[in-house]
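The values are calculated or read from the model by the stated rules, or taken from the named source; none is laboratory data. The shown structure was predicted, so the numbers you read here are calculated from the model rather than taken from an experiment. All Cβ positions, even for glycine, are placed from backbone atoms using ideal geometry, and neighbour counts span all protein chains on display.
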């Protein structure tokens with residue numbers, strides 16, 4: 001029986017683990033993968049985390065995990081399949097939740113969901129091979145590395161157009177590749193995009209392959225109408241075809257928006273007393289390492305406030 005179970009050990013979950021141990025809570029972190037760190041493990045270089053610019057994403061993840069380990073945080077490996085409410089609790093008694101995994105079940109008086117989110121992928125040759133070496137899913141994270149270079153954005157929605165506009169500020173050239181003959185993005189964004197001299201839209205086209213040597217050098221493009229293929233020389237490609245929170249297993253446990261993001265404020269409190277959320281799976285504007293880490297700290301602070309004066313099982 002734990003005071004707190006944290007689901008996920010990306011930046012939000014590990015931050016929560018550090019704050020929970022410092023608060024003296026009896027806690028457990030459940031991680032589905034064999035390694036902590038979440039999405040940043042696959043980030044070649046992190047240049048916007050305060051105080052340590054240019055650190056390798058894997059190294060930063062290991063520093064986060066080492067910090068939690070040093071404080072004695074307990075970890076268990078398993079894929080969480082859902083949360084059950086055993087007892088709802090009262091003004092003086094804490095609730096009890098059962099967190100189920102594929103093999104084990106654990107009970108706690110509070111839960112922080114820090115399961116993160118995942119980017120939709122193209123599923124084409126070269127995408128995995130050049131991840132962090134010219135393939136990225138976050139323009140605000142990695143765009144600065146392409147100053148004066150040529151970049152491509154794949155997608156046609158708001159995020160793709162926003163990424164292209166952002167990259168155009170410092171890239172020599174930006175290509176927006178879209179499989180249709182019109183964009184789905186808001187008109188105001190399209191107007192801004194079409195007014196940029198260094199942006200070119202490649203209509204009715206899909207990326208068939210990402211190629212390179214040590215890094216991305218070009219893309220193989222196919223026109224969906226005439227099936228003609230061509231090569232496009234670029235230094236990198238930003239895939240912006242959607243991001244999805246990893247929250248399917250919690251849809252029946254807490255309130256989510258239409259996209260599956262768990263609804264909560266800055267304190268991380270969901271609509272179920274005793275269940276909190278932190279990181280990329282929370283409904284919010286900015287999803288970055290720094291906001292995930294802050295979420296973890298805020299959620300644990302809210303957990304402490306919630307448990308004050310309550311009898312724990």
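One line per residue, one yes/no per condition, for (1) within 20 Å of the chain's Cα centre (by Cα); (2) more than 23 Å from residue 264 (Cβ to Cβ):
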| residue | (1), (2) |
| --- | --- |
| 49 | yes, yes |
| 53 | yes, yes |
| 64 | yes, no |
| 85 | no, no |
| 104 | no, yes |
| 116 | yes, no |
| 127 | yes, yes |
| 134 | yes, yes |
| 140 | yes, no |
A careful count of residues in region 202-223 that are loosely packed, with under 14 Cβ neighbours inside 10 Å and without any contact (Cβ under 8 Å) to a residue 60 or more places away in the chain gives 1
Going through (1) farther than 21 Å from residue 288 by Cβ; (2) surrounded by fewer than 17 Cβ atoms within 10 Å (Cβ to Cβ); (3) out of contact with any helix residue (DSSP H, G or I) (no Cβ under 6 Å at 6 or more places or on another chain) one by one, residue 50 fails only at (1)
Output yes when any residue across region 294-305 is buried (at least 18 other Cβ atoms within 10 Å of the Cβ), within 12 Å of the chain's Cα centre (by Cα) and within 12 Å of residue 11 (Cα to Cα), and no when none is.
no
Which of the strands (runs of 3 or more DSSP E) found entirely inside region 212-313 contain at least 2 residues meeting this: in contact with a strand residue (DSSP E or B) (Cβ under 7 Å, 6 or more places away or on another chain) and at pLDDT 95 or above?
216-223, 229-233, 236-239, 275-277
Flag if residue 37 is over 30 Å from residue 86 (Cα atoms) and surrounded by 24 or more Cβ atoms within 10 Å (Cβ to Cβ)
yes
I'd like to know if region 227-238 contains one or more residues that are under 24 Å from residue 22 (Cβ atoms) and in contact (Cβ under 8 Å) with a residue 12 or more places away in the chain.
no
Using beta carbons and a limit of 6 Å, which pairs, at least six apart or on different chains, have the first residue in region 3-15 and under 16 Å from residue 95 (Cβ atoms) and the second one modelled with pLDDT of 95 or more and assigned to a helix (DSSP H, G or I)?
4/20; 4/303
